[in-house]
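Take a look at the structure below.
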Amino acid sequence: MKKIIFILGLLITISFGATLEEAKIAYAKGDYQTALTILEDLALKNDASVQNDLGVMYDTGKGVKQDYFKAKEWYEKSAAQGNASAQYNLGVLYDYGYGVKQDYFKAKEWYEKSAAQGYASAQYNLGIMYANGYGPKQDKRVAKQWFGKACDGGNQNGCYNYKILNQQGY
């Protein structure tokens, strides 16, 4: 009986157009099923931010069974609309081979799209790629430039690595 009442309440909430705020409240309370249902409804309306949020849920397994394939699908939908966070998240999937064949060049492409929008974590990861030669040829001068951009965006690891490369003469 409780299950039927819950489902009816959920359907009524969704039919009246639940909001992202309601999904966040449900998620914070640990009511992941309600949050997931609301987010999926909003994501199907091409909300890029919500699509990225769903990708994160599937990527991390927070509130759902971890599923990198579903995470990638939601990230791709969001990234196609220019969402920098989703572009970064796709870069991470390819960088580490989470649910996809590891591919540094695809990772670099996604990081570059995100970094072009000022996403500091993507700029930092590009710095790491160039500093270590993961994908692109090792180039510490280019790495230093990316770390500098990441630092300017508030990424403290970027600041630290920029300082180290600067001390090394790059």
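Contact map, the range 99-110: residues that are hydroxyl-bearing (S, T, Y) paired with residues that are part of a helix (DSSP H, G or I) and surrounded by 16 or more Cβ atoms within 10 Å (Cβ to Cβ), Cβ distance under 7 Å, separation 6+ or inter-chain. Pairs shown: Y104/D95; Y104/M129. Has the range 58-68 got any residue that is closer than 30 Å to T19 by Cβ, part of a helix (DSSP H, G or I), among the charged types (D, E, K, R) and open to solvent by less than 40 Å² (accessible area, probe 1.4 Å)? The answer is yes; a qualifying residue exists. Within the range 75-88, the residues that satisfy the criterion of being within 10 Å of the chain's Cα centre (by Cα) and open to solvent by 20 Å² or more (accessible area, probe 1.4 Å) are N83, S85, Y88. Inclusion of I7 among residues that are over 25 Å from A79 (Cβ atoms), at pLDDT below 90, surrounded by fewer than 17 Cβ atoms within 10 Å (Cβ to Cβ) and touching a helix residue (DSSP H, G or I) at 6+ places or on another chain (Cβ under 6 Å) is not warranted. Taking each residue of the range 12-32 that is at positive phi and looking for partners that are modelled with pLDDT of 90 or more and surrounded by 12 or more Cβ atoms within 10 Å (Cβ to Cβ) with beta-carbon atoms closer than 8 Å, six or more apart or interchain, yields nothing. The criterion of at least 2 residues that are more than 24 Å from I164 (Cβ to Cβ) and either modelled with pLDDT under 95 or aliphatic (A, V, I, L, M) (or both) is met by the following helices (runs of 4 or more DSSP H) wholly inside the range 75-147: 84-96. Does A71 count as open to solvent by less than 50 Å² (accessible area, probe 1.4 Å), at pLDDT 95 or above and not in a loop (DSSP other than H, G, I, E, B)? Taking the combined requirement at face value, the residue satisfies it. For V50, the stated conditions hold: it is of a type in the set (A, V, I, L, M), more than 26 Å from P136 (Cβ to Cβ) and not in a loop (DSSP other than H, G, I, E, B). Against the conditions (1) over 16 Å from the mean Cα position of the chain (by Cα); (2) surrounded by 16 or more Cβ atoms within 10 Å (Cβ to Cβ); (3) not hydrophobic (A, V, I, L, M, F, W, C), Q156 satisfies every one except (2).
The values are calculated or read from the model by the stated rules, or taken from the named source; none is laboratory data. Note that the structure is a prediction, hence the values are computed from the model and not measured. Cβ coordinates were reconstructed from backbone atoms using ideal geometry, including for glycine residues, and neighbour counts include every protein chain displayed. To get the accessible areas, we keep the full protein, side chains included, count just its heavy atoms, and leave off ligands, DNA and RNA. Shrake-Rupley method; radii C 1.70, N 1.55, O 1.52, S 1.80 Å.
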